[in-house]
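Taken together, the values in this text are just the output of simple stated rules run on the coordinates, not laboratory data. Here the structure is a predicted model, which means the values were calculated and not measured. Positions of Cβ are backbone-derived with ideal geometry, glycine not excepted, and every protein chain shown enters the neighbour counts.
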Number of protein chains: 2
Amino acid sequence: MAVAIIGGTGDEGFGLAVRLGRSGVEVVIGSRAHEKGEAAARKARDIAGDDAPISGTSNDVAAAGADVVLVTVPFAGQAEIYRSIRDHLRPNAVVCDATSPLATVVGRPAWQVVTPWEGSAAEQAKAILPSTVRMVSGFHTISSEALHAFDAPLEGDVLLCGSDAEAKAEIGGLVERMPNLRWVDAGPLSMARVVERLTALMISVNRAYGTRDAGIRMVGRDSWGRPPGRA
Amino acid sequence: MAVAIIGGTGDEGFGLAVRLGRSGVEVVIGSRAHEKGEAAARKARDIAGDDAPISGTSNDVAAAGADVVLVTVPFAGQAEIYRSIRDHLRPNAVVCDATSPLATVVGRPAWQVVTPWEGSAAEQAKAILPSTVRMVSGFHTISSEALHAFDAPLEGDVLLCGSDAEAKAEIGGLVERMPNLRWVDAGPLSMARVVERLTALMISVNRAYGTRDAGIRMVGRDSWGRPPGRA
């Protein structure tokens, strides 16, 4: 199963590409330009190991070749990127959006957010894509700083929102390929209205403490992952 | 230092009253009626121990007698309660609001929220109170179920928002009186726009997993509490 990472040359996407590729997941890094995607893949293999199955290409080719697509782009360019890949996505692709609607998009601090018309960036993405695409939202509390500390295991939990339980479990399966990382089912896609904002909260906490990789971990259960009764 | 708990007969407030009183904090439970406050205090002492310094009275008397006031009321009655205590609060009181603007207030599910005019329930409270009051927002991710499991230590972190660092540290000091509980400085009061919504997220997670006490714990630092450089 190939995973395309749209915006895979950015900090968050690149970090995920290295960590997934290192775990043996076939990763295709997408970028606006084919050459940039290829260059990022070479750099990722330098870190993950030469035999890591990481390749690079343009966003549309990456999207066309994968059943699972992670989209890790800044909110300012999110709609344009989705419009550029929408006709290339496989009809039943699982698309996981990692966008946070940070107020930086309007020149305000990163610990503030704006509210997209549809309620969340993930729902905005869903509004752009064909209705057959299986939309998930996640990865908002994993900082790119933590992702790029490649020698350290990740510590926090990935909260996934989406109305398709199987799609969430597929993205959850990728999460579990990264050592120590767990996923939590946060509910339907509209819960992204709460979860996406956690990026701003992490940035606010980092600002208060001088940290760079604050994250959250769910308590109340020993393990999370796929909820019981939904096997 | 006496702590008033306005709405201390409700699940969240009562749980905090027992746990704080058991740790030796002088607690005054406030209720709409003096007799109900007294009855709740008797019940709290039955659990916390006869020598626990927990008393009960009306909301306005409780508010008048304390430098630190916790307000644990449902969003539907929040504004009315604040209007009823505003003229009784000490001018420089630290007031910690624990309200979550859950959509139950408009007959919708508890994993959904509404957006108060001022951006958050805490900011709505601030708009009602005199400007000298030192407003803090917190306790949104500590479930009343977990609070009421009186034999078990609490597991999660309390995220505190507020623009007055000393006021946050005072509430943080109360948090630390409860064994195993930590507090995290989440930033200015406006961050309540993100943090208050976490109650809805916890409810959504509980709904997915059949749990009743999901909470969150911050990762990225061994200890939290008062941020460095703000001693």
*How long is segment B:50-152 along each principal axis, judged by its Cα atoms, biggest number first, in Å?*
40, 39, 20
*Taking every DSSP beta bridge that has both residues in chain B, what percent is antiparallel when rounded to the nearest 5?*
10
*Net charge of neighbours whose Cβ lies under 14 Å from the Cβ of A:D151, counting Lys and Arg as +1 and Asp and Glu as -1*: -1
*asked:* Placing one identical point scatterer on every Cα of the protein assembly as shown and ignoring solvent, what is log10 I(q)/I(0) from the Debye formula at q = 0.12 Å⁻¹?
replied: -0.97
_Neighbour net charge for A:T72 - beta-carbon separation under 10 angstrom, K R +1, D E -1_ = -3
_Running a GNM on chain A with Cα contacts under 10 Å, which residue among A:V68, A:V18, A:V219 ends up with the highest mean-square fluctuation?_
A:V219
_Let me check I've understood the local charge: for A:R32, count other residues with C-beta under 15 angstrom from its C-beta, Lys and Arg +1, Asp and Glu -1. What total comes out?_
-2
*Looking at the protein assembly as shown, what % of its DSSP beta bridges pair antiparallel, to the nearest 5?*
15
_Anchor A:K126: lysines whose Cα lies under 22 Å away (excluding residues fewer than 8 positions away in-chain)_ = A:K168
*Run through the other copies and list how far each one's label point is from that of B:R83, in nm with one decimal, shortest first; the point sits 7 Å from Cα along Cα-Cβ.*
4.8
_Label point 7 Å beyond Cα along the C-beta direction, distances from B:D50 to other copies (nm, shortest first)_ = 8.0
*Could you pull the Rg and Dmax for segment A:1-114, using just the Cα atoms, both in Å?*
13.9, 42
_Antiparallel bridges, percent of DSSP beta bridges restricted to segment A:96-220 (to nearest 5)_ = 20
*asked:* Placing +1 on the Cβ of each Lys and Arg and -1 on the Cβ of each Asp and Glu in chain A, which of A:G187, A:V95, A:G172 has its Cα farthest towards the positive end of the resulting dipole?
replied: A:G187
*Would you mind classifying chain B by shape? Square roots of the alpha carbon gyration tensor eigenvalues, ordered a ≥ b ≥ c; an a/c under 1.5 is rounded, otherwise it is prolate if a/b is larger than b/c and oblate if not.*
rounded
_What distance in nm lies between label points placed 7 Å from Cα along the C-beta direction at B:W117 and A:S223?_
5.1
*Say a label goes 7 Å from Cα toward Cβ at A:E166 in every copy; what distances in nm does this one have to the rest, shortest first?*
6.1
*Hydrodynamic radius (Kirkwood) for segment A:32-78, which is based on Cα pairs only, to one decimal in Å*: 11.6
*Taking the Cβ of each residue in A:R182, A:R19 as the centre, tally the other Cβ atoms inside 10 Å and list the residues starting with the fewest.*
A:R182, A:R19
